[in-house]
Amino acid sequence: MHFSIIENGVLVDLPLIYAWRVGGELVYVGKANGARRPLNDYPNDVRKLLAGEPYRKGKPNEFRKIHRVLANAAIRRLPIQLEYLCNTTPTQISADKRALIRQHKPRCND
């Protein structure tokens, strides 16, 4: 899966809220304690989905909607972007994520 990154001045070693965009549409909002998770886990999950490998040992068929949307975009060669939306704090991270989901209404967060 190939994607570009929009950093927006966000500090990638701190807790952050991120979004996946496909074809310019914001499709998912997530949270992480740094950029490592969205940078590594999503491409790996998409790779496994496309290769017919299990999602996790105990949950082999439980790929999430965002994994399927990203895999479809990769197959169709649509532009994919990982955008860091903002830094946050550990105590505020879930509330910030919920607020951004309400604001953007991404289709893969349901």
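A few remarks follow.
- Selection over segment 25-48 of residues that are surrounded by fewer than 20 Cβ atoms within 10 Å (Cβ to Cβ) and more than 20 Å from THR88 (Cα to Cα) gives a count of 7.
- Whichever residue in segment 60-110 is acidic (Asp, Glu) and in contact (Cβ under 8 Å) with a residue 12 or more places away in the chain and, among such residues, is farthest from LYS31 (Cα to Cα): ASP110
- Residue match in segment 54-76 (condition: surrounded by fewer than 13 Cβ atoms within 10 Å (Cβ to Cβ) and within 17 Å of ALA19 (Cα to Cα)): no
- Residues that are surrounded by 14 or more Cβ atoms within 10 Å (Cβ to Cβ) and either touching a helix residue (DSSP H, G or I) at 6+ places or on another chain (Cβ under 8 Å) or under 18 Å from ARG76 (Cα atoms) (or both) within segment 13-24 comprise PRO15, ILE17, TYR18, ALA19, TRP20, ARG21, VAL22, listed in sequence order.
A short reminder: the numbers here are calculations on the coordinates, not readings from a lab. A quick note: this is a predicted structure, and the numbers were derived from the prediction, not measured. Ideal geometry is used to build each Cβ from the backbone, glycine not excepted, and the neighbour counts take in all protein chains shown.
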